[in-house]
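The values are calculated or read from the model by the stated rules, or taken from the named source; none is laboratory data. None of these values were measured; they are calculated from a predicted model. Cβ placement follows ideal geometry from the backbone for every residue including glycine, while neighbour counts extend to all protein chains displayed. Keep in mind that these areas ignore ligands, DNA and RNA; they rest on the heavy atoms of the full protein, side chains included. Shrake-Rupley method; radii C 1.70, N 1.55, O 1.52, S 1.80 Å.
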Amino acid sequence: MKKGVLYTFGASIILIICFIAFVLPSSLSKATQQQEGLVFGKYNGKKISYEYGSDFTELLSQYAQMFRNQGIEITSNNQYTLYNYAFNSTVIKYAQQEALEAAGYEVPQATINRTLKNYFKDSDGKFDMKAYKQADASYIENLTKSIKDSLYTGRYYDDSYGTTFGDKLLFGLKSPEAETEFLEKFGKEKRAFTMVTFDTGNYPEEEQLKYGKANPEKFTKYDVSIITCNDKDIANKVMSRISKGQITFEDAIAEYSEKNYSNSEGKISNNSQYQIQNILNDKSEISKITDLAVDEISPIIETLLGFSIFKKNGEDTKPDFTSEDTLKDVQNYISIYETSVIEDYFADIAEAFVKDAKASDIETAAANYENVTIDNLAAFPLNYGSSPLYDAMDTNTLKVLATADKNEDFLKKAFSLKLNEYSDPIIIGGQIVVLQYTGNETVENSEEAATSNFSSQIVEFDQNSSQTVVFQSPKLENNFISVFFDNFYNY
């Protein structure tokens with residue numbers, strides 16, 4: 001969570017945990033029936049529990065008060081959010097405390113006293129000793145504990161992410177001048193392109209037919225039945241019974257088969273060679289099936305979902321490339337398993353297009369090609385992953401560009417071009433594109449604004465990253481969802 005959501009630390013603002021009796025209506029909670037505190041999880045063995053005086057409960061009270069201060073009524077609709085905030089905050093707190101303990105840090109008593117004085121001031125803003133002495137002792141004790149707790153975890157925040165004093169950044173990780181200079185210059189150059197897209201969805205039927213005829217074995221269909229068992233010992237038992245004539249193959253299908261790859265009668269419906277091969281754990285074992293004679297039974301073969309025995313029922317069916325069903329089978333195979341065949345075909349066309357465009361221009365060349373679109377891309381900087389520190393490519397307008405900001409080949413080729421130069425064909429979004437670098441822009445930002453923006457956003461990145469590490473840590477035992485819904489949700 002961002003700074004200010006969990007805690008606000010630093011010399012100027014100290015968050016004091018409010019000791020507010022937080023009791024949910026009994027109609028919202030089944031936890032009131034519990035005799036012991038509910039344990040939502042642990043961090044490095046330390047319980048995160050819902051019981052009087054626990055860190056979780058105190059943070060829950062804090063968030064409840066925050067909701068009330070904002071005029072938000074606590075109901076069953078926002079109860080989960082409230083508890084989740086408290087759980088996450090407790091985890092972060094324990095991780096911070098662990099780091100502080102390892103560093104041997106203790107809050108100086110003088111710092112606690114100085115902060116405590118801020119809560120006992122007269123009308124002139126000066127420390128009022130009389131008000132302090134008249135305060136209830138338990139209030140002073142709880143207030144002191146809260147101040148110490150906030151200052152303790154506040155030290156972790158300041159040391160890790162820094163804090164400001166006037167215009168000076170104190171503590172935290174510092175950036176060297178060279179890094180700052182790099183960040184300020186990076187992303188200032190923006191390039192504009194004309195992009196030509198070749199639609200790979202229009203792979204010609206004659207090319208599909210050519211591929212099918214060159215690989216007929218892939219599309220040969222086999223009339224086979226299958227018995228599949230989850231356990232190899234059961235498969236061995238079935239094979240033994242069939243071999244001894246104690247049970248027929250067909251009866252074994254009904255009694256033992258999981259029918260993962262077949263219909264209720266055990267027949268494989270997706271029965272082209274490539275389809276059968278794709279269910280095998282070791283694809284080289286396909287010959288143990290394709291070489292069977294009619295009525296012959298295969299040995300046990302490990303498939304992706306268990307152990308299988310095959311039986312050949314009839315003769316193979318060679319592919320008929322005049323049949324529409326066969327052509328659909330070929331198209332299905334190529335589009336799923338051999339996309340490079342399609343990509344290579346259109347890449348060759350794209351290379352021919354570039355030669356034509358160089359001899360004339362893009363529009364003239366495009367007129368001689370089918371299924372080609374031309375788009376002008378607004379200038380964008382080299383920004384892998386669309387970092388929010390800089391402007392980014394518009395990846396929403398064109399579907400083909402949906403993943404372009406993380407496509408290294410696309411970005412490398414785009415930003416390696418000289419002005420008006422054409423790129424080699426690029427595979428992106430399942431399509432083939434060619435780019436022409438058509439112009440550039442330079443982003444000018446004030447030095448003060450740029451530096452300030454980097455500083456605040458990098459701190460935010462650091463916070464998010466550190467919290468991600470904490471919540472992925474093996475030290476964290478997170479049972480929040482199951483415990484919450486088992487105890488605080490009325491089904």
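What the table below lists for this structure:
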{"item": "Relative compactness, the chain, computed as alpha-carbon Rg over 2.2 N^0.38 Å", "result": "1.49"}
{"item": "Rg(Cα) / (2.2 N^0.38 Å) computed for the range 256-381, rounded to two decimals", "result": "1.66"}
{"item": "Accessible area (Å², 1.4 Å probe, nearest 10) - Arg68", "result": "100"}
{"item": "Positive dipole terminus of the chain, leading residue within Pro204, Phe182, Thr220 (C-beta point charges)", "result": "Phe182"}
{"item": "Helix-derived mean residue ellipticity, 222 nm - over the chain, DSSP H n ≥ 4, -39500 (n - 2.57), to 500", "result": "-13000 deg cm²/dmol"}
{"item": "Cβ-based charge dipole, the chain, positive-most Cα from Ser456, Asn376, Phe480", "result": "Phe480"}
{"item": "Largest to smallest accessible area among Phe193, Phe182, Phe321 [probe 1.4 Å]", "result": "Phe182, Phe321, Phe193"}
{"item": "³J(HN,Hα), Karplus 6.51/-1.76/1.60, whole Hz, each residue of the range 288-302, x for Gly, Pro", "result": "5, 9, 5, 8, 5, 7, 4, 6, 7, 10, 7, x, 5, 10, 6"}
{"item": "Relative packing of 225-233, 347-355, which averages over residues the other C-beta atoms within 10 Å, highest first", "result": "225-233, 347-355"}
{"item": "Dipole moment magnitude, nearest 20 debye, the chain about Cα centre, only Lys, Arg, Asp, Glu C-beta charged", "result": "2280"}
{"item": "Percent RCO, i.e. relative contact order, over the chain, from Cα pairs under 8 Å lying at least 6 residues apart", "result": "21"}
{"item": "Share of carbon and sulfur in the accessible heavy-atom surface of the chain [1.4 Å probe, %]", "result": "48"}
{"item": "Largest-first ordering by accessible area, 1.4 Å probe, given options Met195, Met239, Met66, Met129", "result": "Met129, Met66, Met239, Met195"}
{"item": "Positive dipole terminus of the chain, leading residue within Thr364, Phe56, Val238 (C-beta point charges)", "result": "Phe56"}
{"item": "Amide H partners (placed H, <5 Å) of Asn44, local residues excluded", "result": "Leu476, Glu477"}
{"item": "Gap separating the Cα centres of the range 274-326 and the range 366-386, nearest whole Å", "result": "45"}
{"item": "Kyte-Doolittle at least -0.5, axis length at least 20 Å by Cα - qualifying DSSP helices, the chain", "result": "79-103, 339-359, 447-471"}
{"item": "Residue-level accessible surface for Ser423, protein heavy atoms, 1.4 Å, Å²", "result": "0"}
